[in-house]
Amino acid sequence: MIERFYSQSSGDIFVDDKDITTLDLRSLRQAIGYVGQEPVLFNTTIRENFLFSNPQATDKMIEEALKSANAWDFIQKMDKGLDTIVGGSGGSLSGG
């Protein structure tokens, strides 16, 4: 609701004491970070999924990102590590 993907059927939503319906939609959405519940992963390797967002990413950069996400230890235990195919939307990975 806060990103105005949908309009509320009752009540009001305020950000900094301003009704969100009066705010510029583009500016509002640029000021909000959204993390969806569904993973956005392609049916390719872990490494290649990272390279889609940053083609210059090194293995060290990918490792640091995975450590930040508390996933590095999990990935290292996989037979192919960063070269593991994740399946469509990460279907071959645990949701935990």
Which one of TRP72, ILE46, ILE2 is farthest out on the positive end of the charge dipole of the chain, using unit charges on Cβ (Lys, Arg +1; Asp, Glu -1) and the Cα centre as origin? ILE46
Can you check what the net charge comes to around ILE13, using other residues whose Cβ is under 11 Å from the Cβ of ILE13 (Lys, Arg +1; Asp, Glu -1)? -1
Using only alpha carbon pairs under 8 Å that are at least six residues apart, calculate the relative contact order of the chain and give it in whole percent. 29
What one gets for the stretch 46-90 as the Kirkwood radius, inverse of mean 1/r over different Cα pairs in Å, is 10.7
Given R₀ = 35 Å, FRET efficiency for PHE74-GLN30 by Cβ-Cβ distance, to 0.05? 0.60
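Could you compute the FRET efficiency for LYS67 and PHE5, with r as their C-beta to C-beta distance and R0 at 41 Å, rounded to 0.05?
On the way: r = 32 Å, r/R0 = 0.79.
For LYS67 and PHE5, the calculated efficiency is 0.80.
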Count the lysine pairs in the chain whose Cα atoms lie under 20 Å apart, taking only pairs 8 or more positions apart in sequence or on different chains. 4
The Cα radius of gyration of the chain, divided by 2.2 N^0.38 Å with N its residue count, comes to 1.49
Please get the size of the charge dipole for the stretch 46-90, origin at its Cα centre, with Cβ charges of +1 on Lys and Arg and -1 on Asp and Glu, quoted in debye to the nearest 20. 40
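Since every read-out is calculated from the coordinates, none of them should be taken as a lab result. On a predicted model such as this, the values are computed, not experimentally measured, just so you know. Neighbour counts are summed over all protein chains in view; Cβ atoms, including those assigned to glycine, are modelled from backbone coordinates with ideal geometry.
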